[in-house]
């Protein structure tokens, strides 16, 4: 089994997953942190659902929604030439959906950690909502959002269930570390490669988690202004 | 002239029932903690929507619950120096001071900066300032934004006597130069006496009658 190809596929899928999720998850986290609206609990529960659903079930739902027989799947495959099942885009979508709740939750926490009184005082000093977001809120929340992206990267690297169902096990396309290790378990001579991939996976995950912790610490230090809320 | 008629239920606090009118001669509102003084400032600045109120500044309606009028905080041009300075942590002192500077300034920011003794602190970040220095930056930030009215909440609480006198002078000088309505909130009447002649006592959300003021 080509270890380099497996690593490259995993890194491609995990990186694309982070890039694809970054803007929607940040927007969603900000919206949930800063707005009260009827049905917020329901929206929050729907956002978090991929975290509690068995990944295989998420994969099945994705296959139903994005497979070639679905409206969305056939549009992407036939009109845009991007198949959303049994392809690398499918692996990216699966990893993004499964890790989306983590991204939203960390982004939400990051925005909740920014003192709303700073935003208020910035507006009193003439800053528009957009300027406040750009110059005050986002820079203060950024370490938390970056921490979330590292967590999502690590989660995407380890994603197995949904990816196996919706993207399959195509060498060089969708065979990520987790899927490769599962495949190697069925091979009597695959122990060495499986151990190597497990070690690499463990190393990347530990580095990502350490980065996550460091960024969270930075977020807490940066946004401290003290005092009680208005 | 800034006019406020306000009725507001403060969560876990008293009901605020206030009618005030003040101009460039200034008004000091003093009273015990929890009387609703800071909440009133936040209502006027647009940071806290009141239950019912009418707020006008120089004949311009900033808030009117009867007509559903509410000007955003950034459109009110009201300066607010909060009790806690609330400096932007990632901005240097200089960037904090110039945050709300108008495009055609009337006041010289360098004069304000030097009077407040902030020249040597311009490149520092708020985390590296003392409580008094932060308070002076917050005052400077509001003055440099050249507001149409100025609301100041306990401006001297973190200042030593020397800085306190300088800051009081600068506030007096700037208010005279800008000729804007000025409302000072403090729990110590002595603080208010240095800056304005008119005083009102606020207790449990209500302005006390003249006989109770002394």
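Bear in mind that the values in this text are calculations on the coordinates, not laboratory data. Predicted model, so just to flag it, every value in this text is computed and none were measured. Note that we place each Cβ from the backbone using ideal geometry, even for glycine, and neighbour counts take in every protein chain shown.
The mean of 1/r over all distinct Cα pairs in segment B:19-121, once inverted, gives the Kirkwood hydrodynamic radius of 16.2 Å.
At an R0 of 56 angstrom, the distance between the Cβ atoms of residue A:64 and residue B:104 translates into a FRET efficiency of 0.35.
Which order, highest average first, do A:39-46, B:195-202 follow once you tally other Cβ atoms within 10 Å for each residue and take the mean per peptide?
Values: A:39-46: 11.4, B:195-202: 17.1.
So the peptides A:39-46, B:195-202, ranked by packing, come out B:195-202, A:39-46.
Rounded to the nearest 5, what is the percent of antiparallel bridges among the DSSP beta bridges in segment B:55-180? So the antiparallel bridges in segment B:55-180 amount to around 55 percent.
Computed on chain B, with alpha-carbon pairs under 8 angstrom and 6+ residues apart, the relative contact order is 31 percent. Working note: Cα gyration tensor of chain A, eigenvalues times five, square-rooted, sorted largest first, giving semi-axes of 37, 22, 14 Å.
From the gyration tensor of the Cα coordinates in segment B:71-189, what semi-axes in whole Å does the equivalent ellipsoid have, largest first, with each one equal to sqrt(5λ)?
Here the semi-axes work out to 19, 17, 14 Å.
Exposure proxy ranking for B:182, A:153, based on other Cβ atoms within 10 angstrom of each Cβ and starting from the fewest, stands as A:153, B:182. If both residues of a DSSP beta bridge must be in the protein assembly as shown, then about 60% of such bridges are antiparallel. Treating segment B:139-214 as a set of equal point scatterers at the Cα positions, no solvent, please give the Debye-formula log₁₀ I(q)/I(0) at q = 0.12, 0.13, 0.23, 0.24 Å⁻¹. Relative scattering, expressed as log10 I(q)/I(0), comes to -0.36, -0.42, -1.14, -1.20. For chain B, take the longest principal axis of its alpha carbons; what is the angle in degrees between that and the long axis of helix B:131-144, to the nearest 10 within 0 to 90? The two axes meet at around 80 degrees. Legend: mean number of C-beta atoms from other chains within 10 angstrom of residue C-beta atoms, peptide B:81-88, equals 6.
What is the angle, in °, between the Cα long axis of helix B:161-178 and the longest principal axis of the Cα atoms in chain B? Nearest 10 is fine, range 0 to 90. On a 0 to 90 degree scale, this one is about 70. The modelled label-to-label distance for the pair residue B:111/residue A:129, using points 7 Å beyond Cα in the direction of Cβ, is 3.8 nm. As an exercise, use a Förster radius of 60 Å and the Cβ-Cβ distance of residue B:59 and residue A:3 to find the FRET efficiency, rounded to the nearest 0.05. Result of the calculation: an efficiency of 0.20.
Size descriptors for segment B:120-160, from the alpha-carbon set: Rg then Dmax equal 11.1, 31 Å. The equivalent ellipsoid that matches the C-alpha gyration tensor of segment A:41-123 spans semi-axes of 34, 16, 11 angstrom, in descending order.
Cβ crowding within 10 Å, taken as a proxy for footprinting-reagent exposure, orders B:189, A:117, B:76 from fewest neighbours to most as B:189, A:117, B:76. Per-residue ellipticity at 222 nm from helix content only, as computed over chain B with -39500 (n - 2.57) for each DSSP H run of at least four residues, stands at -8500 deg cm²/dmol. Contact order for segment B:1-116, expressed relative to its length and based on alpha carbon pairs under 8 Å spaced 6+ residues apart, stands at 21 percent.
Placing a pseudo-label 7 Å from each Cα along the Cα-to-Cβ vector at residue B:188 and residue A:210 gives an inter-label distance of 5.1 nm. Normalising the Debye intensity of chain B to I(0), with uniform scatterers on Cα atoms only, and taking log10 at q = 0.08, 0.10, 0.11 Å⁻¹ returns -0.26, -0.42, -0.51.
Relative to its residue count, segment A:84-193 spans a Cα convex hull of 111 Å³ per residue. Ranked by how many other Cβ atoms sit within 10 Å of their own Cβ, fewest first, the residues B:48, B:6 fall in the order B:48, B:6. Here, P(r) means the percent of Cα pairs in each 20 Å bin from 0 to the largest distance; for the protein assembly as shown it is 22, 40, 24, 13, 1.
Estimated purely from DSSP H runs of n ≥ 4, each contributing -39500 (n - 2.57), the mean residue ellipticity at 222 nm for chain A is -24000 deg cm²/dmol once divided by its residues. Dividing the mean sequence gap of close Cα pairs (under 8 Å, 6+ apart) by how many residues chain A holds gives a relative contact order of 29 percent.
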